[in-house]
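The values are calculated or read from the model by the stated rules, or taken from the named source; none is laboratory data. Note that the coordinates shown come from a computational prediction; the quantities given were computed from them, not determined experimentally. For neighbour counting, all protein chains shown are included, and Cβ atoms are generated from backbone atoms with ideal geometry for every residue, glycine included. Remember, those area values only see protein heavy atoms, side chains included, never the ligands or the DNA or RNA. Shrake-Rupley method; radii C 1.70, N 1.55, O 1.52, S 1.80 Å.
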Amino acid sequence: MPDISLTVVALLCLAALAAGWIDAVVGGGGLLLLPVLLLGLPGSTPAASALGTNKAVAIVGTTGAAVTYARRAPVDVRTAVRIGLAALAGSCAGAFFAAGMSTDVLKPLIMVVLLAVGAFVILRPAFGTAPAPGPATRRQILAAIGLAGLGIGFYDGFIGPGTGTFLVLALTAVLHLDLVTASATAKIVNCCTNAGALATFAWQGSVLWELAALMAVFNLAGGMLGARTALKKGSGFVRVVLLTVVCALVVNLAYEQWVA
């Protein structure tokens, strides 16, 4: 593990707890966790190590949230797994391209991603508030496999932050799910993308395992709590959390990029 203070370790663990909660409710916990890792780790730490450690932490919280959702939400597990297998392949490919990426490139990319998500949700206030009218058609499932599986899976391995949010948006748009059911389905898919990317980063030696293990405990607690909160509060609450998270992170990253 790199030489970092106990204060920084404590802050990273708190960030992992919050990211787990956010990721379970609406996805996008990596939008909090990855920037915190990039800031907390020594400047000499390669960006790939921050990405790999983020995956090792996130897969634990995502799995906990997926199990919690699967027990209480109407999730089509078969469809979710099919999308997830495509996403696993996509994330493995994306992780290969991410090995040489620098932090100077990551931060502006994350900002663009956040702004796009926020604009979409604001312009579509009714998005994800109504349940699906019926079972998904074969064409819808194939579209979800291509977009949410291969496409977003590649993005997850390549950059990562916001994957859960993009999965929720894609599944809501393509399969016409409400936001809570889309969040539940996204957690299963996200487990697969995290597994594919993590396997690649681990093979490349880009995971700080000791730090990841400690943060993962907090991320798991946050993920399970967040899933219970989303199931209790419903789609309207999920939408509010999504917009709040996006706005806060855009302001934070803009400050880091141009002011600090």
Legend entry - Any chance Arg71 is without any contact (Cβ under 8 Å) to a residue 40 or more places away in the chain and within 25 Å of Ala227 (Cβ to Cβ): yes
Inset, instruction - Could you please find all residues in region 1-33 being in a loop (DSSP other than H, G, I, E, B) and hydrophobic (A, V, I, L, M, F, W, C)? - result: Met1, Ile4
Inset, instruction - Looking only at region 115-141, count how many residues are of a type in the set (A, V, I, L, M, F, W, C), out of contact with any Gly (no Cβ under 7 Å at 6 or more places or on another chain), within 19 Å of Phe237 (Cα to Cα) and modelled with pLDDT of 70 or more. - result: 5
Legend entry - Residues that are more than 16 Å from Leu14 (Cβ to Cβ), of a type in the set (Gly, Ala, Ser) and under 16 Å from the mean Cα position of the chain (by Cα), drawn from region 202-230: Ala227, Ala230
Legend entry - Residues (buried (at least 18 other Cβ atoms within 10 Å of the Cβ) and of a type in the set (Gly, Ala, Ser)) located in region 1-41: Ala15, Ala16, Ala18, Ala19, Gly20, Ala24, Gly27, Gly28, Gly29, Gly30, Gly40
Legend entry - Sole residue being farther than 21 Å from Val26 by Cα, open to solvent by less than 10 Å² (accessible area, probe 1.4 Å) and in contact with a Gly (Cβ under 7 Å, 6 or more places away or on another chain), chosen from Gly196, Gly164: Gly196
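Which residues, taken from region 42-73, are in a loop (DSSP other than H, G, I, E, B) and either crowded, with 24+ Cβ neighbours inside 10 Å or touching a helix residue (DSSP H, G or I) at 6+ places or on another chain (Cβ under 6 Å) (or both)?
We begin by selecting, within region 42-73, every residue in a loop (DSSP other than H, G, I, E, B); these are 42-46, 73.
Scanning region 42-73 gives a single hit, Ala73.
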Legend entry - Lone qualifier among Val238, Val246, Val251 - being without any contact (Cβ under 8 Å) to a residue 40 or more places away in the chain and either open to solvent by less than 30 Å² (accessible area, probe 1.4 Å) or not basic (Lys, Arg) (or both): Val251
